[in-house]
1. Tally Lys/Arg at +1 and Asp/Glu at -1 over every other residue whose Cβ is under 9 Å from the Cβ of residue 60; what's the total?
2. At a probe size of 1.4 Å, how large is the accessible area of residue 92, to the nearest 10 Å²?
3. Please report the projected area of region 1-68's Cα convex hull averaged over all directions, in nm².
4. Express the carbon and sulfur contribution to the solvent-accessible surface of the chain as a percent, rounded to the nearest whole number, probe 1.4 angstrom.
5. So how do 23, 32, 59, 47 rank on accessible area, 1.4 Å probe, biggest first, that is with the largest at the start?
6. Using a simple charge model, +1 on the beta-carbon of Lys and Arg, -1 on the beta-carbon of Asp and Glu, nothing else, what dipole does the chain show about its Cα centre, in debye to the nearest 20?
7. Pop out the ³J(HN,Hα) list for region 56-66 in order, Karplus 6.51 cos²θ - 1.76 cosθ + 1.60 with θ = phi - 60°, rounded to Hz; leave Gly and Pro as x.
8. What is the chain's relative contact order, in percent, from Cα pairs under 8 angstrom and six or more apart in sequence?
Amino acid sequence: MKDLTHLLTYWKNDERKLGIRKVKIRNSSFMVGEFLILISESLKVVVINRTKDIEIEKVFQTFNQSEGIEIANGDLYRAEQIANNVSLDFFKPYSDTIQELFLDVEDEFVDIE
């Protein structure tokens, strides 16, 4: 569980993130010694007087943390994939929201030279 916690903490605290990332954990009610992990990224986007909330959540079930199973790499791989999917899935609604909220802004864009 230590490696899994480290991986998810690293993802949560990544300096390049767009939103607020959270990782919540609880004991699995399906398998003794395993965990359910909720991975999410959210943000409240505010442009002038318009706001929009964005949130992406995914649940991850561990399978290799209990009873001394030494194949914990499977959980690490899946957790990394799910965390990356949350980040990727978050980017599309974030970009769409920025586009939508800035469409009504009257300021002019200036060419970069």
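The values are calculated or read from the model by the stated rules, or taken from the named source; none is laboratory data. Predicted model, so just to flag it, every value in this text is computed and none were measured. Every residue, glycine among them, receives a Cβ derived from its backbone with ideal geometry; neighbour counts consider all protein chains shown. Protein only, heavy atoms only, side chains kept; ligands, DNA and RNA dropped before computing areas. Shrake-Rupley method; radii C 1.70, N 1.55, O 1.52, S 1.80 Å.
1. Net of charged neighbours comes to +1.
2. Approximately 120 Å² for this residue.
3. 5.6
4. Working: 4420 of 8340 Å².
Carbon and sulfur together cover 53 percent of it.
5. Final ranking, largest accessible area leading: 32, 59, 23, 47.
6. Working: 14 positive and 21 negative charges, 146 e Å.
Its charge dipole is roughly 700 debye.
7. Once rounded to whole Hz, the list reads 10, 10, 9, 9, 10, 9, 6, 10, 10, 9, 9.
8. Once divided by the residue count of the chain, the mean separation gives 23 percent.
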